[in-house]
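Read through the structure below, which is laid out as structure tokens, and then see the notes.
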Amino acid sequence: MTPTQHYETLIIGGGIAGLVCGLRLAEKGVKTAILEKGETDRYLCNSRICGGAFHVSYRDVMEPPDVLMTAMKNKTQGFSRQSFLDVMANEPGKVVNWLKSKGLRFIRVGDAPHRRTTLAPPIAQKGRDYWHGRGGDIMLRTLHAELKKAGATLVLGTRVTGLRMAGGACVGVDAEQQGQHVSIDARNVVICDGGFQANLDLLKQHIAPSPKQIRQRNAQTAKGDGMTMAQQVGAKLVGMNRFYGHVLIQDALTNDDLWPFPMLDEICCAGVMVDTSGKRFVDEGLGGVYLANFIAGMQDPLSTIAIFDHPIWDGPAKEFITPANPLLVSNGGTVLKANTITELAQKLNLPAGALEQTLQQHNAAVDAGTTAQLTPARSVTSHKAWPIRTAPFYAARLCAGITYTMGGIAINTHAQALHEDGSVIEGLYAVGAATGGLEGGPKIGYVGGLAKGGITGMAAATHVAGKSG
């Protein structure tokens, strides 16, 4: 065993949450080390391969707090505590401006509000190296350089295996470093190692009965280690049954050119989703994140199909920076095409009569403005329902793609980890996707991973520095 090392603060994980927290602490003179299990300076994590949009519930982070608050309340439907919403509404612009002061550039990508503040340069439209030298990669490399200038220590190849406790407080960690066990003392430990999306056992326990039939559209490095260690020392876990992700074509399970993009969210939200009976089974208007969660929770998550027609293929399917049309086909996805619904049903091995009736009912409700009366109801507040009547007709078999889990360690607004009774675990913090209680709820409200990571990372740094000062 090597001699015990000593730091004021230890940070577990080198994504956006950990780097923001570590850099801010170093700027305030707090002796800090970031422990990252990746072994090279281009280690993979979700922050590095992300799309790069900083938003709050699909609104631009630079919009007024009241606009952001309304958006979050609409998405989370009372799931999130008001104190969390207050922080998320008031702090994102400040975090983005701080990142700009470190040399990061942001650009507007398209017309959607949630892409007005996107890391530059934007991701490439195709290829497994779509993130190389792009927004997230540049962000992490820039923050690494700033950390070095500020005097913080980034320690690669270090996997934390346990939290060290004394008198009910967290006082350090045990870790493996180049095959050796090390003990590191610290007055504060900040867990920033992401969600548990790459841990199939935890996914099966909390989210999906068949986790192997879900496409991992992430760096596949976050396995819930920090969350599990925190639970072992008494931390409360919340919101474990929800995740952020998108609907993908089923071929993505075997074709790496079809994940993380293109997504089928826009197609599904405009058209109709059916199961093997040829009938609708979900409210398509609730958005891609909701639909991905719904599919993942089914006993047979590979039984779902998107049905759409030429106007949808020529319209919503061309939206987004990595559009389904033409990338689904050019990247090797199977998109079925037919001149009639009967012919399409035959290609899908679906009962033609049932599929025709489903589309007739859908079209009539769209024409009459009565989609809320369909079974299941079809909402149109966020996503317009399109009639499906113009040949050629199309179909694509679907799967759920998971990016990060929304649940995790319960925290307060200072990012301090909480016991089951709501009391603080002294010396222990959690930020970013390692936390729970902000996103999720009955409508699976999505708030925004990059914004959440930056804001909670900054909150933890502010509180730790206040104690140290």
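The values are calculated or read from the model by the stated rules, or taken from the named source; none is laboratory data. Quantities reported herein were computed from a predicted structural model and do not represent experimental measurements. Glycine gets a Cβ as well: all are built from the backbone with ideal geometry, and neighbour counts include every protein chain shown. These area figures cover heavy atoms from the full protein model, side chains too; ligands, DNA and RNA do not enter into them. Shrake-Rupley method; radii C 1.70, N 1.55, O 1.52, S 1.80 Å.
Results, tabulated for the structure shown:
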item: Computed over the chain: relative contact order in percent, which uses C-alpha pairs under 8 Å that are six or more apart; result: 23 percent
item: For residue 162, distant residues with modelled amide H under 5 Å away; result: 174
item: Expected 222 nm ellipticity per residue - DSSP helices of 4 or more, -39500 (n - 2.57), all of the chain, to 500; result: -9000 deg cm²/dmol
item: Potential extension, residue 281-residue 318 segment - 0.36 nm per residue separation minus Cα distance; result: 10.8 nm
item: Nearest 10 degrees, 0 to 90: helix 92-101 Cα axis against the chain principal axis; result: 60 degrees
item: Label-point gap, in nm, between residue 382 and residue 181 - each point 7 angstrom along Cα→Cβ; result: 4.8 nm
item: Convex hull projection area averaged over all views, the stretch 325-374, Cα basis, nm²; result: 4.7 nm²
item: Largest-first principal axis extents, alpha carbons of the stretch 218-328, Å; result: 56, 29, 23
item: Viscosity 1.567 mPa s, temperature 4 °C, Stokes-Einstein D of the stretch 21-76 from Kirkwood C-alpha radius, µm²/s; result: 89 µm²/s
item: Debye, to nearest 20: dipole size of the chain, +1 on Lys, Arg Cβ, -1 on Asp, Glu Cβ; result: 680 debye
item: Longest to shortest principal axis, alpha-carbon extents of the stretch 277-434, angstrom; result: 65, 38, 29
item: Cα-derived Rg over Rh, computed across the stretch 167-292 with Rh taken as Kirkwood radius; result: 1.09
item: About the Cα centre, charge dipole magnitude for the stretch 1-69 (Lys/Arg +1, Asp/Glu -1 at Cβ), debye; result: 180 debye
item: Long-range amide H partners of residue 309 with built H, under 5 Å; result: 394
item: Nonlocal amide H pairs with residue 417, under 5 Å, H built at 1.01 Å; result: 425, 428, 429, 430
item: Unit charges at the beta carbon, dipole of the chain: most positive-side option, 402, 383, 456; result: 456
item: Karplus (6.51, -1.76, 1.60) ³J(HN,Hα), θ = phi - 60°, over the stretch 126-132, in Hz, Gly and Pro reported as x; result: 7, x, 5, 9, 4, 9, 4
item: For the stretch 179-239, fraction of C-alpha pairs farther apart than 13 Å, in %; result: 70 percent
item: Theoretical FRET efficiency, 1/(1+(r/R0)^6), r = Cβ-Cβ of residue 105 and residue 156, R0 22 Å, to 0.05; result: 0.25
item: Sulfur and carbon atoms: percent of accessible area, the stretch 272-360 [1.4 Å]; result: 49 percent
item: Angle between the chain longest axis and helix 449-468 axis [Cα atoms, degrees, rounded to 10]; result: 20 degrees
item: Dipole axis of the stretch 360-469 (+1 Lys, Arg; -1 Asp, Glu on Cβ), positive-most option in 412, 468, 366; result: 366
item: Alpha-carbon Rg/Rh ratio, for the stretch 354-469, with Rh computed the Kirkwood way; result: 1.23
item: Angle between the chain longest axis and helix 65-76 axis [Cα atoms, degrees, rounded to 10]; result: 60 degrees
item: Tail fraction, Cα-Cα pairs, the stretch 287-333, threshold 17 Å, whole percent; result: 48 percent
item: Kirkwood Rh in Å, taken over the chain so that all alpha-carbon pairs contribute; result: 22.8 Å
item: Antiparallel %, DSSP beta bridges [both residues in the chain], to 5; result: 70 percent
item: Residue-wise HN-Hα coupling along the stretch 408-413, computed from phi with Karplus coefficients 6.51, -1.76, 1.60 (Hz; x: Gly, Pro); result: x, 6, 6, 9, 9, 6
item: Whole-Hz couplings from phi, Karplus 6.51/-1.76/1.60, listed for the stretch 140-155; x for Gly and Pro; result: 5, 5, 5, 5, 4, 5, 5, 4, 4, 5, 7, x, 7, 10, 9, 10
item: Length-normalised contact order of the stretch 220-320 in % [C-alpha pairs under 8 Å, at least 6 apart]; result: 27 percent
item: Rg [Å, one decimal], Dmax [Å, integer] - the stretch 76-190, C-alpha atoms; result: 19.2, 54
item: nm² value of the averaged projected area, convex hull over the Cα atoms of the stretch 359-420; result: 8.1 nm²
item: Per residue value of the accessible surface for the chain (all protein chains in place, 1.4 Å probe), Å²; result: 38 Å²
